[in-house]
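A.B. asks: I'd like to ask some things about the structure below.
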Amino acid sequence: MTSDLCEKILEHLYEHGSVDTLEFAEYKREDHQRIIGAVKSLQSMGELITVQQQIHKRWELTEEGKHVVENGSHEAVVYNSIPPGGISQLILMKTIPNAKIGFSKAMSAGWVTVTKISGEAFVTKNVSDIKDMVQEHLKLIVNNVSNEITEEQKQDYKKRKLLQEVITKSLILGKGKSFTTSLEKLETELTQDMIASGSWKEKTFKPYNLDALGITPERGHLHTLLKVRDEFRQIFLEMGFTEMPTNNFVESSFWNFDSLFQPQQHPARDAHDTFFVSEPRQSTKFPSDYLQRVKNIHSQGGYGSQGYGYDWKIEDAQKNLLRTHTTAVSARMLYQLAQKEFRPAKYFSIDRVFRNETLDATHLAEFHQVEGLIVDQDLTLGNLIGILYEFFKKLGITRLNFKPAYNPYTEPSMEIFCYHTGLRKWIEVGNSGVFRPEMLLPMGLPEDANVIAWGLSLERPTMIKYGLNNIRDLVGPKVNIQMVQDNPICRLEK
C-alpha cells in the first residue's frame, strides 16, 4: 500500500513539479501521516525527491468562542440583560452566565455604570447602543477572513480562551537529482547466492544508515535514590572514610538508645515514635562490663557528669526495635575501636532507618540516613565546621549556616542549613555535633579522644536533585517506573 502511495506522489510531482503533503493528502483523501510515511520511504531510495518542511498556522474557535458567535460576547450579553431602569449588581452577577468577565469588559468599554442606591449597587446602561466587535471578529475567523483582525486582537481573544492557534507541519516535495516515476526495488541484503552468481553487480542496494540507532537492549535501571546514594558514597570514599556494616535493621534498645546516653524516659522511646519488635522481643547478649558502665552513667553519673539520676532498667534496654538511626551502628563501631589500641578513624554509613511517622508528602515511616564521623584526639567544634564545609563543597553546596541545637548524645550540637538557589531560601539539610564524654568514656576511649559526626537524609537531596515534590513519588507503590528508567545518572554540581 505504501508503494502505491509512493508512485502516486511521483506521478503528481512529474505532472506538477512540486506538492504540499497536506494538499496532496486532502486531494487524495488520505491520512496525512500515511503520506509522510510514503515520503520517508522515497527518501530512503536516494535523491528521488527534495523535501522541505513547511509550518502552517491557523486560528480556530474554542468551544467558548463558538458560544460567543451564537449568543454574543460576554460583555454584550451583560449589556443586553440590563433593563431600562437598571438592575441590582448582585442579581445580575447571579443570573447571567460568565457575568464576572462580561461585567468587567462592559465596564472597561464604558457600556455600563454602577451607582449606589440605599447602600446597594445598581447597574445601568451608560450608552444607548453597542456594537459587538468581539462577535463580529470571531465570525470573520469562522469565514477564514482573519486578515481584518489585528494580531493584538487575536492574542487578546486567545487570552480570553475564545481563540486557539493551531500549528500544522507539512512537507514541500520537489524533484530530486535522480527523479524517476518508475520505482526499482532496492536490495537490503547481500546474499550468498548473489555473490556466487555475480548478480549483485546488476542490483541496486539500499544505502546503509550508519547513524541509525540499534534496538535498545532490555536492561535493569538504578532507582533514582540509589543513583544519589552512589554519589554520596563516592564522596565519602574520596575523603578517606571507611564504610560501616549496616545490615542489622533490628537493633536492641541498648545500642539504639542507652549506649548513646539517651535516657529511658525520652519520648523517642515511646511506641508512637518507634517500631518495637514482638518476635524476638528481647536481646540478652551485651558486653557485661560495658553494660554496667552505661547503667552507672545513666543512674549515678561519672566521668565528671551527674548523669540523669533515675533507676535504669535492664528490661528497657533489652527491647528489640527497628533501628531509628544509623548512629546505633556508629556506637557499635566506636565500642569495637575502643577495645584495641587507639588510632584515629573515619567512618560513614548510608542505609535505611525506621520511625513511626505520620505519612505525608515529606515523611515516610522508612527512609535513608547518611552519616559520617571522625575519631581523633583533641577534635573541636572548629574541626567539625571545617569538615562540613569540605563535605558539602563536594556536593556543590558552598553557602552554609549553623544553628545551635540539642541532641542527647552530642554537645555542642548544630543544625546545618544551606542556601537553595532554586528556592531562594535557607533549608535544613542535616544535623551535627561532638559526641558527649558520657557516651564515649564508658566505651573505653581515651579522655582526649573526641568524635565529630553529622547526618542527613538521602531522600531530601534526591527530591531536590530530580524535582520531586512528594516523597511518595520517590519511594513506595506510587513510584513511576518510567521515571526510574528515564532519569539520568546523578551528577552533583561540584
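A.B. asks: When the stretch 123-151 is examined, which residues are found to be open to solvent by 70 Å² or more (accessible area, probe 1.4 Å) and under 17 Å from Ala109 (Cα atoms)?
C.D. replies: Of everything in the stretch 123-151, those that are open to solvent by 70 Å² or more (accessible area, probe 1.4 Å) and under 17 Å from Ala109 (Cα atoms) turn out to be Lys125, Asn126, Ser128, Asp129, Lys131, Met133, Glu136.
A.B. asks: Among Pro280, Pro263, Pro267, which is the only one that is exposed (fewer than 14 other Cβ atoms within 10 Å of the Cβ) and either in contact (Cβ under 8 Å) with a residue 40 or more places away in the chain or hydrophobic (A, V, I, L, M, F, W, C) (or both)?
C.D. replies: Pro280
A.B. asks: When you look at Asp351, is it acidic (Asp, Glu), surrounded by 15 or more Cβ atoms within 10 Å (Cβ to Cβ) and either within 22 Å of Pro437 (Cα to Cα) or touching a His at 6+ places or on another chain (Cβ under 7 Å) (or both), yes or no? First the steps, then the outcome.
C.D. replies: Details: acidic (Asp, Glu): yes; surrounded by 15 or more Cβ atoms within 10 Å (Cβ to Cβ): yes; either within 22 Å of Pro437 (Cα to Cα) or touching a His at 6+ places or on another chain (Cβ under 7 Å) (or both): yes.
So Asp351 passes the test.
A.B. asks: Related question: Considering only residues that are of a type outside the set (S, T, N, Q) and touching a Ser or Thr at 6+ places or on another chain (Cβ under 9 Å), which ones fall in the stretch 420-440?
C.D. replies: Kept after step one, since they are of a type outside the set (S, T, N, Q), are these residues of the stretch 420-440: 420, 422-430, 433-440.
Val429, Gly430, Gly433, Val434, Phe435, Arg436, Pro437, Glu438, Met439, listed by residue number.
A.B. asks: Right, another one. Test of understanding: among Lys201, Lys177, Lys185, which residue is assigned to a loop (DSSP other than H, G, I, E, B) and loosely packed, with under 10 Cβ neighbours inside 10 Å?
C.D. replies: Numbers: Lys201 fails: assigned to a loop (DSSP other than H, G, I, E, B); Lys185 fails: loosely packed, with under 10 Cβ neighbours inside 10 Å.
Only one candidate passes the filter, namely Lys177.
A.B. asks: Right, something else. In the stretch 233-251, is there at least one residue being assigned to a loop (DSSP other than H, G, I, E, B), on the phi > 0 side of the Ramachandran plot and without any contact (Cβ under 8 Å) to a residue 24 or more places away in the chain? Talk me through it step by step, then tell me what you get.
C.D. replies: Narrowing the stretch 233-251 to residues assigned to a loop (DSSP other than H, G, I, E, B): 239-241, 244-249.
Adding the requirement that they be on the phi > 0 side of the Ramachandran plot leaves 240.
From what is left, the residues that are without any contact (Cβ under 8 Å) to a residue 24 or more places away in the chain are none.
Scanning the stretch 233-251 turns up no residue that is assigned to a loop (DSSP other than H, G, I, E, B), on the phi > 0 side of the Ramachandran plot and without any contact (Cβ under 8 Å) to a residue 24 or more places away in the chain.
A.B. asks: Do we have any residue at all in the stretch 432-439 that's among the β-branched types (Val, Ile, Thr), crowded, with 17+ Cβ neighbours inside 10 Å and outside any helix (DSSP H, G or I)?
C.D. replies: Initially, the stretch 432-439 is screened for residues among the β-branched types (Val, Ile, Thr), giving 434.
Remaining after also requiring crowded, with 17+ Cβ neighbours inside 10 Å: 434.
Keeping just the survivors that are outside any helix (DSSP H, G or I) gives 434.
Scanning the stretch 432-439 turns up at least one residue that is among the β-branched types (Val, Ile, Thr), crowded, with 17+ Cβ neighbours inside 10 Å and outside any helix (DSSP H, G or I).
A.B. asks: Does the stretch 231-251 contain at least one residue that is within 27 Å of Gln300 (Cα to Cα) and either open to solvent by 60 Å² or more (accessible area, probe 1.4 Å) or at pLDDT 80 or above (or both)? Don't jump to the end; show me each part of the working.
C.D. replies: Kept after step one, since they are within 27 Å of Gln300 (Cα to Cα), are these residues of the stretch 231-251: 251.
Subsequent filtering for residues that are either open to solvent by 60 Å² or more (accessible area, probe 1.4 Å) or at pLDDT 80 or above (or both) retains 251.
For the stretch 231-251, residues within 27 Å of Gln300 (Cα to Cα) and either open to solvent by 60 Å² or more (accessible area, probe 1.4 Å) or at pLDDT 80 or above (or both): present.
A.B. asks: List every residue pair whose Cβ atoms lie under 8 Å apart, where the two residues are 6 or more positions apart in sequence or sit on different chains, the first residue falls within the stretch 96-117 and is in a loop (DSSP other than H, G, I, E, B), and the second residue, located anywhere, is open to solvent by less than 60 Å² (accessible area, probe 1.4 Å) and of a type in the set (Asp, Glu).
C.D. replies: Between residues of the stretch 96-117 that are in a loop (DSSP other than H, G, I, E, B) and residues that are open to solvent by less than 60 Å² (accessible area, probe 1.4 Å) and of a type in the set (Asp, Glu), the close pairs are Trp111/Glu75.
A.B. asks: Moving to a separate point now. Under the condition of being hydrophobic (A, V, I, L, M, F, W, C) and in contact (Cβ under 8 Å) with a residue 12 or more places away in the chain, which residue from the stretch 410-426 is most open to solvent (accessible area, probe 1.4 Å)?
C.D. replies: From the stretch 410-426, those hydrophobic (A, V, I, L, M, F, W, C) are 414, 416-418, 423, 426; that's our starting set.
Of the ones still in play, those that are also in contact (Cβ under 8 Å) with a residue 12 or more places away in the chain are 414, 416-418, 426.
On the way: Met414: 15, Ile416: 1, Phe417: 44, Cys418: 8, Trp426: 99 Å².
Residue satisfying both the conditions and the ranking: Trp426.
A.B. asks: So Thr398 fits all but one of (1) of a type in the set (Val, Ile, Thr); (2) more than 27 Å from the chain's Cα centre (by Cα); (3) surrounded by fewer than 19 Cβ atoms within 10 Å (Cβ to Cβ); what number is the exception?
C.D. replies: (2)
A.B. asks: If you take the residues in the stretch 284-337 that are basic (Lys, Arg) and in a loop (DSSP other than H, G, I, E, B), which one is most open to solvent (accessible area, probe 1.4 Å)? Let's see the steps before the verdict.
C.D. replies: The first filter runs over the stretch 284-337 and keeps only residues basic (Lys, Arg), leaving 285, 293, 295, 313, 319, 323, 332.
Going one step further and asking which of them are in a loop (DSSP other than H, G, I, E, B), we end up with 285, 313, 323.
Numbers: Lys285: 187, Lys313: 102, Arg323: 0 Å².
The qualifying residue most open to solvent (accessible area, probe 1.4 Å) is Lys285.
A.B. asks: Taking the options Asn407, Asn356, name whichever one is surrounded by fewer than 18 Cβ atoms within 10 Å (Cβ to Cβ) and either among the aromatic types (Phe, Trp, Tyr) or at negative phi (or both).
C.D. replies: Details: Asn407 fails: surrounded by fewer than 18 Cβ atoms within 10 Å (Cβ to Cβ).
Selected residue: Asn356, the only one of Asn407, Asn356 that is surrounded by fewer than 18 Cβ atoms within 10 Å (Cβ to Cβ) and either among the aromatic types (Phe, Trp, Tyr) or at negative phi (or both).
The values are calculated or read from the model by the stated rules, or taken from the named source; none is laboratory data. All values reported here derive from a predicted model rather than from experimental measurement. For neighbour counting, all protein chains shown are included, and Cβ atoms are generated from backbone atoms with ideal geometry for every residue, glycine included. Ligands, DNA and RNA are excluded from the accessible area calculation, which covers all protein heavy atoms including side chains. Shrake-Rupley method; radii C 1.70, N 1.55, O 1.52, S 1.80 Å.
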